[in-house]
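Written below as structure tokens is the structure these notes are about.
The values are calculated or read from the model by the stated rules, or taken from the named source; none is laboratory data. Because the structure is a prediction, the values reported are computed rather than measured. Reconstructed Cβ throughout: ideal geometry from the backbone, glycine too, with neighbour counts over all protein chains shown.
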Amino acid sequence: MTTTTRFAPSPTGRLHVGNIRTALHNWMLARKQGGRFLLRIDDTDAERSREEYVAAIRADLAWLGLEPDGEERQSARLDHYERAFEALRAAGRVYRCYETAQELELKRKILLGRGLPPIYDRAALALNEADHAEKAAEGIAPHWRFRLDHEASITWDDGVRGAQKFDPAQLSDPVIRRADGSWLYMLPSAVDDLAMGVTDVLRGEDHVSNTAVQIQMFDALIAAGHAGQRPRFAHEALLVGSEGKLSKRLGSLGCDAFRERGIEPQALIALLARLGTSLPVEPIGERAALIESFDLETFGRAPAKFDDAELERINAAIVHQLDFDAVAPRLPDGMDAAGWHAIRPNLSHVGEAAEWWRLVTGPIDPPAFTEDDRAYLREAARLLAWGDDPWRALTGALKAATERKGKALFLPLRQALTGMDHGPDMAELLPLIGEDEARRRLENAAG
Ligand code: GLU
């Protein structure tokens with residue numbers, strides 16, 4: 001079967017760095033196996049889902065370069081959930097309940113107060129048809145729970161966590177459908193994973209207990225005649241801030257914020273691809289290399305720490321590798337491939353290119369020089385000659401003509417030509433400044 005993964009965000013907000021990581025790993029898993037990566041918009045919650053978030057999710061994935069091979073929307077698949085529900089109902093796997101949120105909360109509190117796990121007591125299973133008729137007569141519609149099979153223990157071999165075992169009696173029968181007929185997340189997701197041929201569900205470890213429940217749903221759906229196979233599961237450890245906690249900040253950190261900060265998508269991807277794995281986090285701009293090394297076996301159980309300083313380091317290293325063509329529209333007017341090449345090693349962010357480009361276009365602001373340096377710069381202006389490598393020629397001629405070497409040879413030239421003590425390689429910069437302008441700057445500094 002073709003490996004098929006899916007990224008299934010609910011369009012109730014923007015993607016944050018944790019979602020981005022989940023999307024990336026699903027994309028990588030599919031790419032590594034030559035399979036398919038689906039975007040599934042989980043928009044059964046009509047009240048909280050927003051079209052603008054659907055658009056933002058697509059735009060964010062495009063910015064990251066994680067284009068899906070297909071897109072599905074749960075709101076367009078309600079008839080599938082209805083049919084699955086009817087099949088489960090016929091098989092006696094769903095039942096009607098009437099407890100209010102307050103009543104359920106009270107039950108929870110009582111159990112917790114007694115030191116017991118807050119598992120739903122299945123009181124509604126004891127209702128008979130007369131009870132249901134009475135509720136209907138009062139105009140009270142039921143919500144529906146999926147009845148877990150307490151006899152069938154739940155096991156799976158998790159791609160990250162290894163052998164998993166759950167006792168269904170220790171889980172609450174999940175509510176799958178609200179009284180207004182709308183769907184909660186659990187059942188539609190299982191129905192879709194079967195129908196869409198999803199082979200691998202890779203998601204955060206906050207979904208482990210959902211998986212336990214959904215495994216019984218998959219089995220019940222297949223037993224009720226649904227085509228498809230239960231997918232493999234893998235749950236990755238959650239992402240935490242560098243302070244080691246699940247921070248609010250991380251939960252709101254999305255593509256826009258990264259883009260505004262000048263973070264390249266390649267940097268975010270290089271970091272998130274390997275964070276929390278035993279592989280070294282490196283500024284790998286080549287996706288093929290990241291995909292090649294992707295392996296669930298390398299994923300650790302400890303929370304993965306997201307560190308902004310590490311992202312900045314990776315970003316700078318990625319910027320130093322970016323080709324001119326990849327950044328051209330973001331560069332200052334007139335800056336060509338040679339200019340980008342000269343300036344690139346000095347940047348932490350592409351946006352800083354304009355600052356450095358000013359060294360080429362001027363005006364520059366050289367420091368005041370000593371009398372001795374001024375004489376030296378006058379000599380430099382006289383010896384300046386244009387050729388293949390004017391910087392090498394100039395410094396070679398000055399070395400021969402003066403006693404100077406090292407810093408005394410180079411620094412006054414750099415200062416006179418750029419106004420700065422440090423910066424791009426002068427051998428690359430000088431041809432960009434050009435012969436006449438370079439001579440003018442040297443003469444100017446010589447006073
Ligand atoms: N819509 C669910 C969520 O965002 C999907 C979880 C999943 O099955 O991957 O949590």
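From the list Arg301, Arg230, the lone residue that is buried (at least 19 other Cβ atoms within 10 Å of the Cβ), charged (D, E, K, R), part of a loop (DSSP other than H, G, I, E, B) and out of contact with any strand residue (DSSP E or B) (no Cβ under 6 Å at 6 or more places or on another chain) is Arg230.
In the range 1-10, the qualifying residues are those that are near the ligand (Cβ under 9 Å from one of its atoms) and within 14 Å of Leu29 (Cα to Cα), and the one that is surrounded by the most Cβ atoms within 10 Å (Cβ to Cβ) is Arg6. Check off (1) surrounded by 11 or more Cβ atoms within 10 Å (Cβ to Cβ); (2) of a type in the set (A, V, I, L, M); (3) more than 24 Å from Tyr185 (Cβ to Cβ) for Leu104 and give me the number that stays unchecked. Every listed condition holds for Leu104 apart from (3).
Filtered by the rule that a residue be in contact (Cβ under 8 Å) with a residue 60 or more places away in the chain and crowded, with 21+ Cβ neighbours inside 10 Å, the range 204-219 gives Val213, Ile215, Gln216, Met217. Could you list all residues from the range 159-189 that are buried (at least 19 other Cβ atoms within 10 Å of the Cβ), within 14 Å of the ligand (Cβ to nearest atom) and without any contact (Cβ under 8 Å) to a residue 60 or more places away in the chain? The one that is buried (at least 19 other Cβ atoms within 10 Å of the Cβ), within 14 Å of the ligand (Cβ to nearest atom) and without any contact (Cβ under 8 Å) to a residue 60 or more places away in the chain: Pro174.
Only one of the numbered conditions (1) surrounded by fewer than 19 Cβ atoms within 10 Å (Cβ to Cβ); (2) over 14 Å from Asp365 (Cα atoms); (3) under 45 Å from the mean Cα position of the chain (by Cα) is violated by Ala397, and that is (3). Within the range 304-360, the set of residues being of a type in the set (S, T, N, Q) and not in a loop (DSSP other than H, G, I, E, B) comprises Asn315, Asn346. Filtered by the rule that a residue be free of Cβ contacts under 8 Å to residues at least 60 places away in the same chain and of a type in the set (Ser, Thr, Tyr), the range 1-39 gives a lone residue, Thr12.
Name the one entry in Leu250, Leu238 that is crowded, with 17+ Cβ neighbours inside 10 Å, of a type outside the set (Ser, Thr, Tyr) and touching a residue at least 24 places away in the same chain (Cβ under 8 Å). Leu250 is the lone residue from the list that is crowded, with 17+ Cβ neighbours inside 10 Å, of a type outside the set (Ser, Thr, Tyr) and touching a residue at least 24 places away in the same chain (Cβ under 8 Å). In the range 137-154, the condition of being in a helix (DSSP H, G or I), at pLDDT 95 or above, over 31 Å from the mean Cα position of the chain (by Cα) and not basic (Lys, Arg) is met by at least one residue. Among the small types (Gly, Ala, Ser) and either within 30 Å of Ile263 (Cβ to Cβ) or in a loop (DSSP other than H, G, I, E, B) (or both): does that describe Gly423? So Gly423 passes the test. Listed conditions (1) away from the ligand (no atom under 16 Å from the Cβ); (2) under 27 Å from the mean Cα position of the chain (by Cα) are all met by Gln214, apart from (1).
This table checks each residue for (1) basic (Lys, Arg); (2) closer than 30 Å to Gln266 by Cα; (3) touching a Ser or Thr at 6+ places or on another chain (Cβ under 8 Å); (4) away from the ligand (no atom under 16 Å from the Cβ).
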residue	(1), (2), (3), (4)
Thr12	no, yes, yes, no
Val17	no, yes, no, no
Trp27	no, yes, yes, no
Ile41	no, yes, yes, no
Glu47	no, no, no, no
Leu61	no, yes, no, no
Leu64	no, yes, no, yes
Cys97	no, no, no, yes
Leu104	no, no, no, yes
